[in-house]
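The values are calculated or read from the model by the stated rules, or taken from the named source; none is laboratory data. This is a predicted model, so every value here is computed, not measured. In this analysis, Cβ positions are derived from the backbone assuming ideal geometry, glycine residues included, and neighbour counts consider all displayed protein chains.
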Amino acid sequence: MTTSQVAILDAGAQYGKVIDRRVRELGIESVLLPFQTPAEELKKYKAIILSGGPESVYSPKAPAFDKALFELGIPILGICYGMQLINYVSGGTVKLKDRREDGECIITVSPDSKLFAGLESTQEVLMSHGDTVDQVASGFRAVADSDGLIAAMENPDRQIYGVQFHPEVDLSKNGKKILANFLLQIAKVPATFTVSDRKAEALKTIRQKVGDSQVLVLVSGGVDSAVCAALLKEALKPEQIIALHIDHGFMRKDESKKVVSALKNIGLDVLSVDASTTFAKATTAIQGQKTLPLKEVTAPEEKRKIIGDTFVKVTEEELAKLHLNLDNVFLVQGTLRPDLIESASTLASSKADTIKTHHNDTQLIRDLRERGRVIEPLSEYHKDEVRELGTQLGLPTELVWRQPFPGPGLAIRILCATEPYQTETFDDVQQQLHKFAGDEVTTALLPVRTVGVQGDGRTYSYLAALSGKTDWPALFDLARKIPKHVHQVNRVVYVFGEKLDTVPSTITPTLLTKDVLNQLREADDIVNQVLLKYDLIRSLSQVPVVLFPVNFGEEGKRAIGIRTFITNDFMTGVPALPGKDIPEEALKEMVDRIQANDPQVVRVVYDLTSKPPGTTEWE
């Protein structure tokens, strides 16, 4: 029996759920399936999409699959890894070449390919790959080129197509049209699917699972937990809901007071607990080894895991005070689909590489899930969909459009280190960077590293700095080029102030101490005041403010980074271009006020990096 559904085989793509979302936006029902799904089970689908993934097709760890799926006669589209697999299985070759592609690229497409029908001959797309199709398999032809690399291929007779780029993300300008060409014109899938009322579906799910039990909702004050709380308020009786706000000591300036006040305004009583001392001293076990106390830890993943585990422990302690436990109370979280994908949760993908562990997706939370004690009504949602649901629920605009703030808070916006990060390749990488310098712009490798995502995998790599003339389009162009050619760099910033004449090599030892947290709190508060003043809260999706330990030769000082981010899908995005997306006077006001307020801030930098190769957060 055939259906009108499309099967998406997930090879561990960071954007797997975005493919699903884009297909549904076209009015087509899609189903995410394991990559190894037998061909016999795939016969009923109208089309198959093979996702990207972090492995190489020739790797022993490459995801298993049923080769017979290519003989079903069903239209197939391979994306990134999916295209490489199509070519490899069909007798072509895939190689790791000297040049990888990460970020926005301009490709040239064949106008006679049905895949690109109705599009211009040049297209701006997002690439994120190291391996590349080399020799195209017999029966296929290349139908797109990216500066000498094969960007798309097709075999119309077999209705098999492949694209090296990611048409599902916002950074591929006409990606949705390309997907529409494949699904509607080539595969002839009927666009008859409509999404049911999300609010009614969420309320039904909560009521069915909870029954007469009590629920605990951990509220941070962000839109996700606020929407969760509002759903519970509508779905259940007041006496069934326990709303708990835990102040872990990493909140923004006066944030906890604002959280409690905002939720009380929608009729929800909140129990607020100051656990900052507990968190500072907290430890956990990672692979059987006990960590240092949080205030002494430098590794970002350790910080996240300690915070996540301590959240659960503090929660259990507060429940015990109320004579309750997690065996008879459901834990409700505002976990979103991108959170689960980035944490490589088996709920989203069994193959995805871990980009970062989210505080609400730790092992303890996963254990609770397995016991059926966790309810996550937003786990199929992306941020924009949560905001739409929040509006349906009648939440105020200022809460619905509140800028995202990570659960671990300022703890993961402080790059902790006790010594400079300089591997044996430091000088070699600096020499590679030097090729991008000019008379008006210098390049320097900074002795710290940040988290990025390159080729569907997590990277923890060097931060590069540009300084000199503020020709923003030229600086953004350099920031796109550098990670493509200098693979050890995944993030590029511009340093305000005088041009750097030496490569910074020293840091100020930095841990999660009160003075460091307060230093970042003040800078973050200034940035958010300016965002409000210039009405940038809605146009800029997120603006993390980061403290990092590079002292630029001035002992005891630290630097502040401003990371603007514009996105619809929160899986990919671009920084705001000064003079276009953010007024230059707003940026200048941020920089001037931060340095005037705190003489221990030696420099302020502006993040020029798209996602990928740089994640939204630096850790």
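Key figures for this structure:
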| item | result |
| --- | --- |
| Test: residue in segment 577-591 that is surrounded by fewer than 17 Cβ atoms within 10 Å (Cβ to Cβ) and in contact with a Ser or Thr (Cβ under 6 Å, 6 or more places away or on another chain) | no |
| Pairs, first assigned to a helix (DSSP H, G or I) in segment 166-188, second at pLDDT 95 or above and of a type in the set (D, E, K, R), C-beta under 9 Å, six or more apart | N181/K114; F182/K114; L183/K46; Q185/K114; I186/K114 |
| Test for P549: is it touching a Ser or Thr at 6+ places or on another chain (Cβ under 6 Å) and surrounded by fewer than 18 Cβ atoms within 10 Å (Cβ to Cβ) | no |
| Any hit, segment 231-251, residues being within 24 Å of the chain's Cα centre (by Cα), buried (at least 24 other Cβ atoms within 10 Å of the Cβ) and not in a strand (DSSP E or B) | yes |
| Top-ranked residue of segment 261-287 - restricted to ones that are free of Cβ contacts under 8 Å to residues at least 24 places away in the same chain and either over 18 Å from C416 (Cβ atoms) or of a type outside the set (D, E, K, R) (or both), ranked as surrounded by the fewest Cβ atoms within 10 Å (Cβ to Cβ) | Q287 |
| Selection within segment 471-489 - at pLDDT below 95 and either within 13 Å of D607 (Cα to Cα) or among the hydroxyl-bearing types (S, T, Y) (or both) | R480 |
| Meets criteria (in the same structural domain as N328 (by TED's automatic domain parsing) and surrounded by 20 or more Cβ atoms within 10 Å (Cβ to Cβ)) for P293 | no |
| Answer residue from segment 610-619, given it is within 18 Å of I412 (Cα to Cα) and not aromatic (F, W, Y) and is surrounded by the most Cβ atoms within 10 Å (Cβ to Cβ) among those | G614 |
| Restricting segment 94-124 to residues that are part of a strand (DSSP E or B) and in contact with an Asp or Glu (Cβ under 7 Å, 6 or more places away or on another chain), the residue that is modelled with the lowest pLDDT | E104 |
| Residue in segment 188-200 that is surrounded by the fewest Cβ atoms within 10 Å (Cβ to Cβ), counting only those that are at pLDDT 85 or above and touching a Leu at 6+ places or on another chain (Cβ under 8 Å) | A191 |
| Of all residues in segment 486-506 being surrounded by fewer than 18 Cβ atoms within 10 Å (Cβ to Cβ) and charged (D, E, K, R), the one that is nearest to E589 (Cα to Cα) | E498 |
| In segment 313-328, the residues that are within 15 Å of S272 (Cα to Cα) and either in contact with a Leu (Cβ under 8 Å, 6 or more places away or on another chain) or among the β-branched types (V, I, T) (or both) | V314, T315, E316, E318, L319 |
| 3 or more residues touching a residue at least 60 places away in the same chain (Cβ under 8 Å): qualifying helices (runs of 4 or more DSSP H) within segment 1-89 | 16-25, 81-89 |
| Of residues in segment 495-513 being touching an Asp or Glu at 6+ places or on another chain (Cβ under 9 Å) and of a type in the set (S, T, Y), the one nearest to A559 (Cα to Cα) | T508 |
| Selection count where residues are without any contact (Cβ under 8 Å) to a residue 40 or more places away in the chain and in a loop (DSSP other than H, G, I, E, B), scope segment 129-157 | 2 |
| Residue under evaluation G175, criteria (1) within 21 Å of the chain's Cα centre (by Cα); (2) at pLDDT below 95, criterion not met | (2) |
| Failed condition for K290, given (1) under 26 Å from K321 (Cα atoms); (2) free of Cβ contacts under 8 Å to residues at least 24 places away in the same chain | (1) |
| Any hit, segment 13-31, residues being surrounded by fewer than 24 Cβ atoms within 10 Å (Cβ to Cβ) and farther than 18 Å from T192 by Cα | no |
| Cβ-Cβ under 6 Å pairs, at least 6 apart or on other chains, segment 543-567 side in the same structural domain as D384 (by TED's automatic domain parsing) and on the phi > 0 side of the Ramachandran plot, far side surrounded by fewer than 23 Cβ atoms within 10 Å (Cβ to Cβ) and part of a strand (DSSP E or B) | none |
| In segment 210-225, the residues that are aliphatic (A, V, I, L, M), assigned to a helix (DSSP H, G or I) and modelled with pLDDT under 90 | V223 |
| Unique residue being over 18 Å from C416 (Cα atoms), among the basic types (K, R), modelled with pLDDT of 95 or more and in contact with a helix residue (DSSP H, G or I) (Cβ under 9 Å, 6 or more places away or on another chain) when the list is K499, K533 | K533 |
| Within segment 141-185, considering residues that are over 14 Å from P75 (Cα atoms) and charged (D, E, K, R), the one surrounded by the fewest Cβ atoms within 10 Å (Cβ to Cβ) | D147 |
| Of residues in segment 429-451 being closer than 29 Å to L511 by Cα and not aliphatic (A, V, I, L, M), the one surrounded by the fewest Cβ atoms within 10 Å (Cβ to Cβ) | Q430 |
| Pick from segment 459-485, criterion buried (at least 23 other Cβ atoms within 10 Å of the Cβ) and not hydroxyl-bearing (S, T, Y), ranking: farthest from Q422 (Cα to Cα) | A479 |
| Qualifying position, being more than 26 Å from E398 (Cβ to Cβ) and either among the aliphatic types (A, V, I, L, M) or buried (at least 19 other Cβ atoms within 10 Å of the Cβ) (or both), among V227, V210, V223, V217 | V210 |
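Let's see how each residue does on (1) aliphatic (A, V, I, L, M); (2) in the same structural domain as F165 (by TED's automatic domain parsing); (3) surrounded by 17 or more Cβ atoms within 10 Å (Cβ to Cβ):
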| residue | (1), (2), (3) |
| --- | --- |
| F65 | no, yes, yes |
| G78 | no, yes, yes |
| G82 | no, yes, yes |
| G103 | no, yes, yes |
| V109 | yes, yes, yes |
| L119 | yes, yes, no |
| H129 | no, yes, yes |
| G139 | no, yes, no |
